[in-house]
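Read through the structure below, which is laid out as structure tokens, and then see the notes.
The values are calculated or read from the model by the stated rules, or taken from the named source; none is laboratory data. Predicted, not measured: the structure shown is a model, and the values here were computed from it. So basically every Cβ, Gly included, is an ideal-geometry build from the backbone, and we count neighbours across all protein chains shown. The accessibility values were calculated without ligands, DNA or RNA, using every heavy atom of the protein model including side chains. Shrake-Rupley method; radii C 1.70, N 1.55, O 1.52, S 1.80 Å.
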Amino acid sequence: MPWIIFSTPLAIIAYFLIWFVPDFPLGMERSHGFLWYLLFYCLFETLVTCFHVPYSALTMFISTDQSERDSATAYRMTVEVLGTVIGTAIQGQIVGQAKAPCLQDQNDSEVALEAVNRTQSTGSLKETQNAYLLAAGIIASVYVICAVILVLGVREQREPYEAQQAESMPFFQGLRLVMSHGPYVKLIAGFLFTSLAFMLVEGNFALFCTYTLGFRNEFQNLLLAIMLSATFTIPIWQWFLTRFGKKTAVYVGISSAVPFLILVALMKSNLIVTYVVAIAAGVSVAAAFLLPWSMLPDVIDDFHLKHPHSPGTEPIFFSFYVFFTKFASGVSLGVSTLSLDFAKYKKQGCSQPEQVKFTLKMLVTMAPIILILLGLLLFKMYPIDEEKQRQNKKALQALRDEASSSGCSDTDSTELASIL
């Protein structure tokens, strides 16, 4: 909780400054602007990570029952997707009303860009800046409200057998044990590839809609349709994983994105069909949000059975999960930027060369499909199925009962953990 409390106000300030445009000295706008936005974007990402890791790890500390943890994960991911919907709606609808001019001259884009910057009215530029600041202020307010609810409304619980441990395991010793735990390595590897796939789609979808499909004024509404669909289908996936198992839900949920990505690659510019595909794609986005996170508590329980005297390792599990999310985001941005640069992407262009349109199509369809298939192959090697979960639950309950009734000695807990 201290990490959440102290990081929140600083993260809010950093987020707001990302969207603020200072009056840089004439002729120094590019160099000073680069340093300004690099500094505050990195600062915001660092501070929001200080929020996200403990927030995610709280899943293990609000209950000792696996079904309750699964339910909490479903609620958490539903609200996270709902937060993305709210952010998409606020940012997209407010900023979408202040449209920047596009460039008609593709052969001399740099000169044209400078001309547009010189001739664009001060009032129009100010309107655009104010739109970004208004959206940033509203989103920052939502951030504060949610952080206050979290701090005041959540209380941590400790496992009975962990409460008897005098202190947590040293960090590097715990890290070595965690990163050598086979199920965790397989899970984060599959999670990395599937996350990268959906982040490539997410990061390039606006440009894909604008230039490849030709829907310049609809991309924010299409994003909203995807996220609303994801919000409403997360409870369905929660029911599916409790009925058919988590591994089955992963295969069905994440692989269901493949047909729709293929359809996007093959279809012509049809707005109605695009909306239908966007809503259907939201179903897979919901599965990608929920299922890997719902599998992580199972891995931690399995780890605790194999290493019963290793308290305090939960944040390591969650922090590396978050790390690979950030890593996938960075790789997605880097690959997208380099690919578009090689394809001769024209900044603020009203249209783009054919190679840019083709590159965007590959970034939104073919590359994610390959990454999804690789991720599913890694999930296939993930060893914790429904039977293994039942065995772990029985062994953990025995460990808790023993700790609650008479106190667990080192020998007792080791024998209990060897049930499997």
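At a glance:
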{"item": "Rg to Rh, two decimals, where segment 263-405 supplies the alpha carbon set and Rh follows Kirkwood", "result": "1.14"}
{"item": "Residues with amide H under 5 Å from that of Gly349, placed H, sequence gap 5 or more", "result": "Leu103"}
{"item": "Dipole of the chain [Lys/Arg +1, Asp/Glu -1 at C-beta], most positive-end residue of Leu266, Leu290, Ala197", "result": "Leu266"}
{"item": "Rounded tilt (10° steps) of 386-405 against the dominant C-alpha axis of the chain", "result": "60"}
{"item": "Selection from Phe6, Gln389, Gln91 lying farthest towards where the dipole of the chain points positive, charges on Cβ", "result": "Gln91"}
{"item": "Theoretical FRET efficiency, 1/(1+(r/R0)^6), r = Cβ-Cβ of Lys306 and Leu377, R0 30 Å, to 0.05", "result": "0.75"}
{"item": "Stretchable slack from Met366 to Val276, in nm (0.36 nm times residue separation minus alpha-carbon distance)", "result": "30.4 nm"}
{"item": "Segment 185-336: relative contact order as a whole-number percent, Cα under 8 Å and 6+ apart", "result": "38"}
{"item": "Cα-centred dipole magnitude for the chain, charges only on beta-carbon of K, R (+1) and D, E (-1), debye, nearest 20", "result": "1020"}
{"item": "Inter-centroid distance (Cα atoms) of segment 1-48 relative to segment 267-304, Å", "result": "30"}
{"item": "Size of charge dipole - segment 143-252 - debye, nearest 20, with Cβ of Lys, Arg +1 and Asp, Glu -1, no other charges", "result": "300"}
{"item": "Degrees between helix 2-18 axis and first principal axis of the chain (Cα, 0 to 90, nearest 10)", "result": "10"}
{"item": "Potential extension, Thr337-Cys350 segment - 0.36 nm per residue separation minus Cα distance", "result": "2.8 nm"}
{"item": "Test item: Cα-centred dipole of segment 1-101, Lys/Arg +1 and Asp/Glu -1 on Cβ, debye", "result": "220"}
{"item": "Distance (nanometres) between label positions extended 7 Å along Cα→Cβ at Thr242 and Ile86", "result": "2.5"}
{"item": "Computed lengthening from Phe24 to Leu263, 0.36 nm per intervening residue step minus Cα-Cα distance", "result": "81.4 nm"}
{"item": "Ser141 paired with Phe358, simple spin-label distance in nm, labels 7 Å along Cα-to-beta-carbon", "result": "4.8"}
{"item": "Entries in Lys246/Lys357; Lys326/Lys357; Lys186/Lys357; Lys361/Lys388 that, when Cα-Cα distance is taken, lie over 30 Å", "result": "Lys246/Lys357; Lys186/Lys357; Lys361/Lys388"}
{"item": "For segment 190-331, accessible area per residue (1.4 Å probe, heavy atoms of protein chains only), Å²", "result": "36"}
{"item": "Ordering of 199-205, 250-256, 12-18, 172-178 by packing [mean C-beta count within 10 Å, highest first]", "result": "199-205, 250-256, 12-18, 172-178"}
{"item": "Principal-axis tilt of helix 66-96 within the chain, Cα atoms, nearest 10 degrees", "result": "10"}
{"item": "Estimated FRET transfer efficiency (Ile13, Glu386; beta-carbon r; R0 60 Å; 0.05)", "result": "0.85"}
{"item": "For segment 171-306, projected area of the alpha-carbon convex hull averaged over all directions, nm²", "result": "9.6"}
{"item": "Kirkwood Rh and Cα Rg combined as Rg/Rh, the chain", "result": "1.01"}
{"item": "Computed [θ] at 222 nm, deg cm²/dmol, the chain (DSSP H ≥ 4; -39,500 (n - 2.57); rounded to nearest 500)", "result": "-26000 deg cm²/dmol"}
{"item": "Most positive-pole-ward Cα, Thr64, His309, Ala131, against dipole of the chain from beta carbon charges", "result": "Ala131"}
